[in-house]
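First the structure, in the form of structure tokens, and then the observations on it.
Throughout, read-outs are computed from the coordinates displayed, never taken from laboratory work. Only a predicted model underlies this, so the values are computations on that prediction, with no experimental measurement involved. No Cβ is skipped: glycine too gets one built from the backbone with ideal geometry, and neighbour counts run over all protein chains shown.
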Amino acid sequence: MKVIYILWLRQLKRYLRSRSRIIGSLGQPLLFLVALGFGFGPIFQKAGGGNYLEFLAPGIIAMSILFTALFSGIEIIWDRQFGFLKEMMVAPVSRLKIMFGRTLGGATVAVLQGVIVFLLSLLIGFRPQSFNLLLPALIFMFLIALLFAALGTAIASLLKDMQGYSLIMNFLVMPIFFLSGALFPLNNLPGVIETIARIDPLSYGVDALRGSLLANGAHFGLMTDSLVLVVIVAILLALGSYLFSRMEV
């Protein structure tokens, strides 16, 4: 447990010390909230969809968590080659503990990023249905972060260069985000798009956040969202642990 705690704390400290990283990573979510939230708001309202900013904010929170959690995997490649992780991997320490420490650290950083975006959305005008629902929303944020941090760890375990990781992430991130229902309702979609949205794990994360923050905004239902997220998290943690344990130093 000590190894897991050290790695978790190390990633958290690295994030909190990097003010430029925190500020820089808020640019894209803020742009989406302002440009899309206010730009498409009147059209969405005329179509009978209600307040678009309220609909959009949970999706943008999930987007910030997705980006931060997935790209935490690139730090594994860097540390494995040049940093602290390289020394730990040749030490008599369980690789399973190293993997869990890194993954939990990446997930925690991603949740903090999501909380910051949530606070920004409050300043812009987003209002959750009830602040009593913030605890379930935080739990769902952590599940989303853990899911994609584990995925990032699994992918990073297969690669040796940061350029290859960046290319794969760019290939994955945008489809996962745009087809998750973060920007549009999942009702009455064409068959192919609906099928892809149901396969996309972020769809259930966005839906869970929307359902918890807006009380009645869940498309699949919070029980379904919870079950799917927990199952996928368990699968990816197991896969990430296996791949990390076989990774060459």
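At a 10 angstrom cut-off on C-beta neighbours, averaged per residue, how do the peptides 95-106, 174-185 rank from highest to lowest?
The densest-packed peptide leads the list: 95-106, 174-185.
In the stretch 127-249, the convex hull through the Cα atoms has an average projected area of 8.6 nm², a quarter of its surface area.
Rounded to two decimals, what is Rg over Rh for the chain when you use alpha-carbon atoms and the Kirkwood radius? Numbers along the way, then the final one.
Values: Rg = 18.2 Å, Rh = 18.5 Å.
Value, to two decimals: 0.99.
For the stretch 2-245, what's the relative contact order in percent, using C-alpha pairs closer than 8 Å and at least 6 residues apart?
Values: 322 pairs, mean separation 63.7, N = 244.
Dividing the mean separation by the residue count of the stretch 2-245 yields 26 percent.
Based on Cβ point charges of +1 for Lys and Arg and -1 for Asp and Glu, what charge dipole magnitude is obtained for the chain about its Cα centre, in debye rounded to the nearest 20? Intermediate results must be reported in sequence, preceding the final value.
Details: 18 positive and 10 negative charges, 159 e Å.
It comes to approximately 760 debye.
For the stretch 132-229, trypsin sites (Lys or Arg not before Pro) meeting the loop criterion (DSSP other than H, G, I, E, B) and having at most 16 other Cβ atoms within 10 Å: Lys160. When only alpha carbons are used to place a centre, the stretch 45-69 and the stretch 118-156 end up 12 Å from one another.
Counting neighbouring beta carbons within 10 Å and listing from fewest to most, the residues Thr224, Thr195, Thr153, Thr108 come out as Thr195, Thr224, Thr108, Thr153. Among Met63, Met141, Met169, Met162, the ranking by other beta carbons within 10 Å of each residue's beta carbon, starting with the fewest, stands as Met162, Met169, Met63, Met141.
Excluding Leu222 itself, what net charge comes from residues whose Cβ is under 14 Å from its Cβ, given Lys and Arg +1 and Asp and Glu -1?
On the way: positive: Arg210; negative: Asp207, Asp225.
My count for the surroundings of Leu222 gives -1.
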